[in-house]
Amino acid sequence: MTYEILEYSTTSVDFTPHDSRWIPHSARFVVLGETAKSTGRLGVFKLSDSGVTSVCETERDSGLKCCTFGSHTLPERFIATGSLSGELETWDLEHASEPRSSFKAHRGAVNAIDGIGGGTHGIGALEIVTGGRDGTVKVWDTRQDSAVAIFKSVSASTCECWCVAFGNSFDENERCVLAGYENGDVKMFDLRVGTVRYETNIANGVCSVEFDRKDITMNKFVATCLESQFVVFDARTQHPDDGFASVTQNSSVKTTIWGVRHLPQDREVFATLLGDGSVALYRYEYPVKRQRLCPAGKPQGVAGSAKRISSTSLASQPINSWDWHAEKTGLAVCSGFDQHVRVVVMTN
C-alpha cells in the first residue's frame with residue numbers, strides 16, 4: 001500500500017509556533033507559540049472548503065510552549081497550556097481573552113504537557129502531566145491548583161524533562177506516565193503506586209515519547225532522539241531484569257527527530273517529525289511471536305520492526321508539532337519553525 005502526505009492549506013503566522021492541536025469534534029484548531037518580543041500567542045483557526053481562516057487570537061506576557069485537550073470533557077473542550085515562564089493555564093476558547101485558571105507549575109519553562117481522563121482519552125479523573133526545565137514531572141488533578149504527584153530526576157538540577165505522555169489508562173486503577181530527558185533517560189512512572197516502573201537510557205536526548213494508544217493496556221511506545229534515531233518498545237511483556245524489548249531505527253537523514261504521533265485510527269502507523277522539515281510515516285510490524293522464555297525461564301518480550309512507508313518534505317525548517325484529527329482519518333495539522341501552519345492529508 002502506498003501512502004502520501006499532501007498539503008491542503010498553508011497559513012503563515014507572525015510568531016514562532018511551538019504546538020498545534022485540533023479542537024475535539026470540530027474543524028477548528030489551536031496554534032500557540034512565542035512572538036519576537038517574547039510574549040505568548042494563542043490563535044484559533046477554522047478549516048473550510050476555501051482554506052484556513054483566523055477566528056481569534058490571545059496574547060500572554062510569556063511565550064507559550066505546549067498544550068493539550070487530553071483532559072477535556074464535552075461539550076466544554078477546555079485546553080490546558082504550559083508557558084515558557086512555568087505557568088500552567090486552562091482556557092475556555094469561547095471566552096479566550098483570559099485563562100480560566102493560572103498558576104506556577106515549574107521553575108522555568110513547561111517543556112511538555114499531556115492530558116487524560118473524562119471518558120475520551122482514558123478512564124478516571126481528569127488529569128494533566130507536565131514536564132519542566134527544572135527536571136521534574138508533575139501530575140495535576142484539574143480540580144486542584146497543586147500537584148497530586150511529583151517525580152524528581154536524580155539529576156534534576158542539571159537535566160531537563162523534555163517530553164511526557166500518559167498511557168495504560170484502561171480502568172479506574174491503572175495509569176502510567178512516560179517521561180523523556182535531555183540526557184537520554186526514558187522513565188515510566190506507575191501512578192497507582194507512585195514509583196518508577198521502568199527506566200532506561202537511549203544515549204541521546206529524548207525529544208518525544210508516546211504510547212500507541214492511551215486508553216488500553218500497554219501495547220508499545222516510541223521515543224525519538226536528537227541524533228536521527230527513534231526507539232520502539234514492546235510494552236506487552238516486561239522482563240524483571242531486562243525490561244521491555246525494543247528496536248532502534250535510524251531516520252533516512254541525519255537530523256533531530258522532533259516528535260512522534262500515532263494515527264488514532266490505526267495505532268501501527270506513526271509519523272516522525274524531522275529537523276530538515278520532512279515527515280516520515282512508519283508502520284510497525286509485529287514479530288511472529290511477541291514473547292519467549294529467557295534461559296532463566298522468565299517471559300521476555302520480542303520486538304518487531306518499523307517499516308518506512310512514506311516521506312514528504314513540507315518545510316525548509318524543522319516540523320515541531322503534529323496532531324492527527326481524531327475523527328477524520330488522515331487529516332492532520334502541523335507547525336514549523338518557518339512560522340507556517342499546515343493542514344495536510346494522508347492518502348493511500
Q.
For a quick check of your reading of the model, give me the residue pairs whose first member lies in segment 197-210 and is more than 13 Å from Gln229 (Cα to Cα), whose second is of a type in the set (Lys, Arg), with beta-carbon atoms closer than 8 Å and at least 6 apart or on different chains.
A. Tyr198/Lys187; Glu199/Lys187; Glu210/Arg261
Q: Within segment 293-325, count every residue that is of a type in the set (A, V, I, L, M, F, W, C), touching a residue at least 60 places away in the same chain (Cβ under 8 Å) and closer than 22 Å to Ala280 by Cβ.
A: 7
**Q.** Identity of the residue in segment 26-40, among the small types (Gly, Ala, Ser) and not in a strand (DSSP E or B), that ends up nearest to Arg107 (Cα to Cα)
**A.** Ser38
Q | Number of positions in segment 295-319 that are among the hydroxyl-bearing types (Ser, Thr, Tyr) and either part of a loop (DSSP other than H, G, I, E, B) or farther than 12 Å from Asp276 by Cα (or both) | A | 3
Q. Out of Val279, Val269, Val345, which single residue is under 22 Å from Pro24 (Cα atoms) and surrounded by 18 or more Cβ atoms within 10 Å (Cβ to Cβ)?
A. Val269
Q: Keeping to segment 216-244, report how many residues are among the hydrophobic types (A, V, I, L, M, F, W, C), more than 15 Å from Arg197 (Cα to Cα) and part of a strand (DSSP E or B).
A: 6
Q.
Please go through segment 28-55 and give me each residue that is among the small types (Gly, Ala, Ser) and buried (at least 16 other Cβ atoms within 10 Å of the Cβ), ordered by number.
A. Gly33, Gly40, Gly43
**Q.** Residue ID - farthest from Arg77 (Cα to Cα), chosen from residues in segment 120-132 that are out of contact with any Leu (no Cβ under 8 Å at 6 or more places or on another chain) and at pLDDT 95 or above
**A.** Gly132
Q: May I ask you to verify whether Glu268 is touching a strand residue (DSSP E or B) at 6+ places or on another chain (Cβ under 7 Å), closer than 29 Å to Leu6 by Cβ and without any contact (Cβ under 8 Å) to a residue 24 or more places away in the chain?
A: no
(Q) Residue under question is Ile257, and the condition is that it be within 25 Å of Ile113 (Cα to Cα), in contact (Cβ under 8 Å) with a residue 24 or more places away in the chain and surrounded by fewer than 18 Cβ atoms within 10 Å (Cβ to Cβ); does it hold? (A) no
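Results for (1) out of contact with any Pro (no Cβ under 9 Å at 6 or more places or on another chain); (2) farther than 28 Å from Ala125 by Cα; (3) at pLDDT below 95, shown as yes or no for each residue.
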position: Asn204; (1), (2), (3): yes, yes, yes
position: Val209; (1), (2), (3): yes, no, no
position: Phe230; (1), (2), (3): yes, yes, no
position: Thr248; (1), (2), (3): yes, yes, no
Q. Assuming Gly336 fulfils every condition listed in (1) over 18 Å from Cys67 (Cα atoms); (2) buried (at least 20 other Cβ atoms within 10 Å of the Cβ); (3) among the small types (Gly, Ala, Ser) apart from one, which condition is it?
A. (1)
Q | Single condition Arg292 does not satisfy, out of (1) at pLDDT below 95; (2) assigned to a loop (DSSP other than H, G, I, E, B) | A | (2)
(Q) Show me the strands (runs of 3 or more DSSP E) found entirely inside segment 128-188 where at least 2 residues are over 11 Å from Ala112 (Cα atoms) and within 14 Å of the chain's Cα centre (by Cα). (A) 161-167, 176-181
(Q) Among the residues of segment 58-76, what is the count of those that are surrounded by 18 or more Cβ atoms within 10 Å (Cβ to Cβ) and assigned to a loop (DSSP other than H, G, I, E, B)? (A) 5
Q: Inspect all residues belonging to segment 41-51 and state whether any of them is touching a residue at least 12 places away in the same chain (Cβ under 8 Å), touching a strand residue (DSSP E or B) at 6+ places or on another chain (Cβ under 7 Å), of a type in the set (A, V, I, L, M, F, W, C) and not in a strand (DSSP E or B).
A: no
Q. Does segment 168-202 hold any residues that are closer than 16 Å to Asp234 by Cα, out of contact with any Gly (no Cβ under 7 Å at 6 or more places or on another chain) and either polar (S, T, N, Q) or modelled with pLDDT under 95 (or both), and which are they?
A. Asn168
(Q) Of all residues being under 18 Å from Ala271 (Cβ atoms) and outside any strand (DSSP E or B) in segment 1-25, which is modelled with the lowest pLDDT? Just the residue, please. (A) Met1
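The values are calculated or read from the model by the stated rules, or taken from the named source; none is laboratory data. Since we're looking at a predicted model, the values are computed, not measured. Counting neighbours? That spans all protein chains shown, and the Cβs are built from the backbone with ideal geometry, glycine included.
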